[in-house]
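Reviewing the structure listed below.
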Amino acid sequence: MLELLWLIPALPFAGFLVLVLAGNLPRAAAAVVGCASVGLSMLVALGICIQFVNSPPPGDAFTQSIWNWFETAGLSAGVAFHLDALSMVMVMVITGVGFLIHLYSTEYMEDDPGFQRFFAYLNLFVGAMLVLVLADNLVLLLLGWEGVGLCSYLLIGFWYRDSANGRAARKAFVVTRVGDTALLLGLFLLFAELGTLHIQDLLGRASEQWEPGSGVALAAALLLLGGAVGKSAQLPLQTWLPDAMAGPTPVSALIHAATMVTAGVYLIARTNALFELAPAAMLTVAIVGAVTLLAAGFAALVQSDIKRVLAYSTISQLGYMFLALGVGAWSAALFHFMTHALFKALLFLAAGALILSLHHEQNLFRMGGLRKKLPVIFWTFLIGSISLAALPLIGSGFYSKEKILWDVWISPHGGPALWAAGMAGAAITALYTFRMVFLAFFGELRTDVSHRPRGRVAFVLIVLAVLSTIGGGVELPHTFGHVTFFSDFVGTAIETQVALPPGLDAVLWALLAMASLLVVLGTLAAWYLYVKAPGIPERLASSPAGSALHRLWFSGWGFDRVYEALIVIPFRTAARINRRDAIDFIYLATAGLTRALHVVLSETQTGRLRWYALVLTTGTLALILIAFIR
Amino acid sequence: MTPSDLQALLPHIVVAATAVAVMLVISFYRNQTVSAVLTVAGLFAAAACLPFVWSAEADAVPPLFRVDPFGCFHIGLLLTASVAVTVFSHSYLEKYRMERGEFYILLLLSVLGALVLTVADHFISFFLGLELLSVSLYVMVAYIFTKKRAVEAGVKYLFLAAATSAFLLFGMALIYAELGTMAFPEIAAELGGGDGLRSPYLLAGTVLVVAGAGFKLSVVPFHMWTPDIYQGAPAPVTAFLATVSKACVVVVLLRFLAAFDSDAVPGLYLALTVVACASMLTGNLLALLQDNIKRILAYSSIAHFGYLLVAFVAGGPAGAMAATFYLVTYFAATLVAFGVVAYLSPSDREADTVADYRGLFWSRPGPAALLSLALFSLVGLPLTGGFMGKFFLVGAGAEARLWTLLLVLAVSSAISIYYYLRVVVAMYSSIEDTPQTRELSEPFAATPPYGNTVGAVQALLALGLLVLGLYPQPVLAMIQSVTRTF
């Protein structure tokens, strides 16, 4: 079964090729190709996963070399896949959630003229994402990394006739390129210092050659972090994600919530040995995560567009993952990645169904009272919200978030300050999540419902609702339940875990209780503010300080305006001033020179036989002379 | 002649016999399809003999021939290319009302000449092979005698080739006068003394032999004929000129020059370096603003054989390997390109201006995609065979520390991107519906749909081009094993 590993990325690529090359297929055929390629890939992944868990391969990892392009001067450019517990988790989430979203899209996109193009892009995305997580060297990883970036660009701008969508796509691409540049520099540095880009060799050599805390390790880790920050929309490169909601909602669910944006988390987890050599970089990761989760949480509190609330909440939850990574809680980060993929995909898909039911209405304040009208959407959205808010015991989000908060508390890299940020974030999360639920589904009815979700959409929503409820069961805290299946599994790939010091049970119980209490309080506050006394938020927002804060948060802390003023406008001005510069002249002169030479030489091609014979003879004589000169 | 000698020359005998067979068939029954099928069958039969040749006990048929694995590899390459040319010729000649069967006799005879050159180990076989190749080619170039351009091209080719044949003969005579031998191994043995070229006559003779070969390779300063003949000749014949008639000369030149050590004969290698640099630059510069695709490909072939000369100057097994690999990728790309031109040409003219190809992708995606792939490979874009070919050339050059040549190669390749991509851009730009463009695209409407043998052959060649770029290892290993002796 393991030998079939190559099929997992190959199938979606095959689907993409069929959809692109087959010309205009009937919708049903395009849907079947699009879904079946990812579905089969999921089945293969499932089979491999079962075998991998039951009888782990030697060394708990399996490497499959597909193809060696060429090998020269120590740089071997090849395609090889590396499967261990870390990539296994990613593969399962990508193919599983990916398949469900493909299925959902067959109904969601059914009236769209670009149906086939949509599935072609989605398949390409899944293939590229799988290459990213399975790559055994950083060059291939980069290929997947750029591939998903390209698909993200194509899908954000999917409805390209609206120029705003094109702008959002370009923004996403350019902002993530900033991070990608850092990543690329990181790869150059690693290759220059360690002489390889094969991930396992590289991590081994780094641990042997570099002292912990050495400058070069710090530089490499920070450059990789730059790439991760761009891709995962963390401060200061988070600005593209809210705008990326311009794409179709299944895209937001798949790319901008469940999978691509977690590539940064994956990258850091994959190169964890490198980060452990650079404690300062670890601390940076944790601080970036903590600040991001708070900042994005506040921004989510005031958004009126349901998809933007979800986008900010994604940034905030990714912040939790970074926080966990930064304190060395690798398995907690991955656990939260998994549960988040499930419940955030669920929330996006439910929101998408909601938007479609309301004539593409995305404004929360024009919704309301939809609880009875759209029961399936309401219940599934509620289940997703419970998980996101981490309401005690019910949803999977509770277990993963608690694990992060714990690990932050007990990890030697963590500490009370980081922990407090996480706790505050938990309360804010509950507040903005239930603000969304209460605004959309409670209160009085403000819009009429145009149509209801049918079979496939409802099916996918229910499956995801079930999964995001029981998904937390793979890892239960030791204070109750004590299931460590997930962390044991991930532990086969990443050995260093946050060790649990003995005798802390009472403290952990207390932490658990505090966190639960905060979440419940946040939920109650949302109920009070948006159901019981809906006038209060308005009054707060209309007070001078309140309205300033509202504006600040609504614009996502004004990052866009700052970047506009500090980077975009100066750059554009410089480019305009510098339109005709000396460097241009070099190129123009080169082109002019080649053209002139062309014209001169063309004169020799007269078409006259005697001239040709003359050139031939004098040329031969000249060659003989040249030979004699030496 | 012993039986094992006959066994070693089996492909040549089969091709010669096929020429006779085609001639006999034509005297009784005129049908160009029958002739073409017979030709292809003969070429395949000749290729099928290669395993026996490989296993022949004596790999040399002294003193004229040397049928070693290197020669066998090139025989296979030339036969493959000839099959493609035959298929293209068949569909091309279908458009003309004239006696067409004789074309295949000429084709087979010039293939025979090329095959003789690949195993030539002696001035006699060198010259005989070259003349056999050329004389048939004169007629093939002018075969469509109703076209003025074709006849003009044939006459030009005849005169210039005859002149260079005289150079070649003179060179051979000078060498013979000095060394008293015409066999390559004996020349190598005579020169092995280490005192370099003893006399000026010997050096001049060598340069003249190189000039004779250089004319066929159309390198500067023997390049003047190339664009006129490429443009005037029927497209399949141009494909033959660009591939088969050049590769066999490359082989014989590699064998001949193996006797001359670059340290012993610096003057010869300086001359080769000058020729290579001049060819790369001149070829690419001349193609720059050219509007005729056949002329573009003619100029680009000047440049490509300039690149190839880098491998000659580098010498040794690495040089021979790079040259052979480059030939293989160049063959595939060139055949696809001329195949598309031949296929799209209506009966009254050649489809050879860039304007003809404007918007081709939107009306005929198949040929356009194949032509793009071929042009990308000629540019040397990664993932195509052309990239790997150039990669090994640069590798061989870098090993021999030929920095000047590599610099010129890099600069001229950069220039070449412009004119190749100009054609590609034209193919993918949208067609404005003006009377002029409608008239231009009209001839293409008459060409048959792209599902016939021509399409299949081109698709196979294009596939080969991709395989060479993506997974060159098997072909590379094979070439390395046959070029070890250099």
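Sort out which residues of the range B:148-173 are under 16 Å from residue B:124 (Cβ atoms), within 11 Å of another protein chain (Cβ to nearest Cβ) and open to solvent by less than 40 Å² (accessible area, probe 1.4 Å), and write them in order of number.
B:168, B:171, listed by residue number.
Out of (1) over 17 Å from the mean Cα position of the chain (by Cα); (2) at the interface with chain A (Cβ under 10 Å from one of its Cβ atoms); (3) modelled with pLDDT of 90 or more, the odd one out for residue B:200 is which?
(3)
Residues of the range A:556-600 being surrounded by 11 or more Cβ atoms within 10 Å (Cβ to Cβ) and outside any helix (DSSP H, G or I), which ones?
Residues satisfying the conditions are A:556, A:557, A:558, A:578.
I'd like to check something: does the range A:395-410 contain any residue that is within 19 Å of residue A:308 (Cα to Cα), at pLDDT 85 or above and among the aliphatic types (A, V, I, L, M)?
No, there is no match, as no residue in the range A:395-410 is within 19 Å of residue A:308 (Cα to Cα), at pLDDT 85 or above and among the aliphatic types (A, V, I, L, M).
Taking the range B:133-161 on its own, how many of its residues are in a loop (DSSP other than H, G, I, E, B), free of Cβ contacts under 8 Å to residues at least 60 places away in the same chain and aromatic (Phe, Trp, Tyr)?
Counting residues in the range B:133-161 that are in a loop (DSSP other than H, G, I, E, B), free of Cβ contacts under 8 Å to residues at least 60 places away in the same chain and aromatic (Phe, Trp, Tyr) gives 1.
Can you name the residue in the range A:179-204 that is among the hydrophobic types (A, V, I, L, M, F, W, C), over 20 Å from the mean Cα position of the chain (by Cα) and open to solvent by 40 Å² or more (accessible area, probe 1.4 Å) and is also nearest to residue A:157 (Cα to Cα) among such residues?
Once the filter is applied, the top-ranked residue is A:185.
Hey, which of the helices (runs of 4 or more DSSP H) in the range A:73-178, taking only ones fully inside, have at least 3 residues that are among the β-branched types (Val, Ile, Thr) and open to solvent by less than 20 Å² (accessible area, probe 1.4 Å)?
A:85-108, A:115-134
Kindly indicate whether residue A:621 is at pLDDT 90 or above, within 9 Å of chain B (Cβ to nearest Cβ) and out of contact with any Ser or Thr (no Cβ under 6 Å at 6 or more places or on another chain).
So residue A:621 fails the test.
Is it the case that some residue within the range B:162-184 is free of Cβ contacts under 8 Å to residues at least 60 places away in the same chain and closer than 30 Å to residue B:96 by Cα?
Yes: one or more hits.
If a residue counts only when it is within 14 Å of chain A (Cβ to nearest Cβ), open to solvent by less than 10 Å² (accessible area, probe 1.4 Å) and in contact with a Phe, Trp or Tyr (Cβ under 8 Å, 6 or more places away or on another chain), which helices (runs of 4 or more DSSP H) contained entirely in the range B:251-367 have at least 1 such residues?
B:266-287, B:293-314, B:316-344
Can you tell me how many residues in the range A:601-630 are assigned to a loop (DSSP other than H, G, I, E, B) and polar (S, T, N, Q)?
2
Can you tell me which of (1) open to solvent by 10 Å² or more (accessible area, probe 1.4 Å); (2) over 25 Å from residue A:262 (Cβ atoms) is the one residue A:30 doesn't meet?
Residue A:30 satisfies all of (1) open to solvent by 10 Å² or more (accessible area, probe 1.4 Å); (2) over 25 Å from residue A:262 (Cβ atoms) except (1).
Considering only the range B:21-44, state which residues are open to solvent by 40 Å² or more (accessible area, probe 1.4 Å) and either under 16 Å from residue B:119 (Cβ atoms) or touching a helix residue (DSSP H, G or I) at 6+ places or on another chain (Cβ under 9 Å) (or both).
Once the filter is applied, which keeps residues that are open to solvent by 40 Å² or more (accessible area, probe 1.4 Å) and either under 16 Å from residue B:119 (Cβ atoms) or touching a helix residue (DSSP H, G or I) at 6+ places or on another chain (Cβ under 9 Å) (or both), the range B:21-44 yields B:23, B:25, B:31, B:33, B:34, B:37, B:38, B:41, B:44.
Which of the residues belonging to the range A:601-613 are more than 7 Å from chain B (Cβ to nearest Cβ) and either touching a Lys or Arg at 6+ places or on another chain (Cβ under 6 Å) or surrounded by 11 or more Cβ atoms within 10 Å (Cβ to Cβ) (or both)?
A:604, A:606, A:608, A:611
This table checks each residue for (1) open to solvent by less than 10 Å² (accessible area, probe 1.4 Å); (2) over 17 Å from the mean Cα position of the chain (by Cα); (3) among the hydrophobic types (A, V, I, L, M, F, W, C); (4) more than 25 Å from residue A:492 (Cα to Cα).
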position	(1), (2), (3), (4)
A:289	yes, no, no, yes
A:292	yes, no, no, yes
A:308	no, no, no, yes
A:315	yes, no, yes, yes
A:325	yes, no, yes, no
A:331	yes, yes, no, no
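If you take the residues in the range B:203-218 that are within 10 Å of another protein chain (Cβ to nearest Cβ) and under 16 Å from the mean Cα position of the chain (by Cα), which one is nearest to residue B:275 (Cα to Cα)?
Out of the qualifying residues, it is B:214.
If you check A:445, A:467, A:461, A:431, which single one turns out to be open to solvent by 30 Å² or more (accessible area, probe 1.4 Å), assigned to a helix (DSSP H, G or I) and under 26 Å from residue A:363 (Cα atoms)?
A:431
Residue by residue through the range B:382-417, note down the ones that are aromatic (Phe, Trp, Tyr) and either within 28 Å of residue B:460 (Cβ to Cβ) or open to solvent by less than 60 Å² (accessible area, probe 1.4 Å) (or both).
Residues satisfying the conditions are B:387, B:391, B:392.
If only one of B:51, B:69 is within 21 Å of the chain's Cα centre (by Cα) and modelled with pLDDT under 90, which one is it?
B:69
Return the pair list, or none, for Cβ contacts closer than 6 Å from residues in the range B:108-125 that are aromatic (Phe, Trp, Tyr) to residues that are part of a helix (DSSP H, G or I), at least 6 apart or on different chains.
Close Cβ pairs satisfying both conditions: B:123/B:172.
Please work out if residue A:523 is within 14 Å of another protein chain (Cβ to nearest Cβ) and polar (S, T, N, Q).
no
Scan the range B:48-82 for residues that are outside any loop (DSSP other than H, G, I, E, B) and surrounded by fewer than 19 Cβ atoms within 10 Å (Cβ to Cβ) and jot them down.
Those that are outside any loop (DSSP other than H, G, I, E, B) and surrounded by fewer than 19 Cβ atoms within 10 Å (Cβ to Cβ): B:48, B:50, B:51, B:52, B:54, B:55, B:60, B:69, B:76.
Check residue B:373 against each of (1) in a loop (DSSP other than H, G, I, E, B); (2) open to solvent by 20 Å² or more (accessible area, probe 1.4 Å); (3) touching a residue at least 60 places away in the same chain (Cβ under 8 Å) and name the one condition it does not meet.
Of everything listed in (1) in a loop (DSSP other than H, G, I, E, B); (2) open to solvent by 20 Å² or more (accessible area, probe 1.4 Å); (3) touching a residue at least 60 places away in the same chain (Cβ under 8 Å), residue B:373 misses just condition (1).
Can you tell which of A:342, A:323 is hydrophobic (A, V, I, L, M, F, W, C) and more than 25 Å from residue A:98 (Cα to Cα)?
Checking each option against the conditions leaves just A:323.
The values are calculated or read from the model by the stated rules, or taken from the named source; none is laboratory data. Quick caveat, the model's predicted, so the values are computed rather than measured. So basically every Cβ, Gly included, is an ideal-geometry build from the backbone, and we count neighbours across all protein chains shown. Just so you know, the surface numbers come from the protein's heavy atoms only, side chains and all, with ligands and any DNA or RNA stripped out. Shrake-Rupley method; radii C 1.70, N 1.55, O 1.52, S 1.80 Å.
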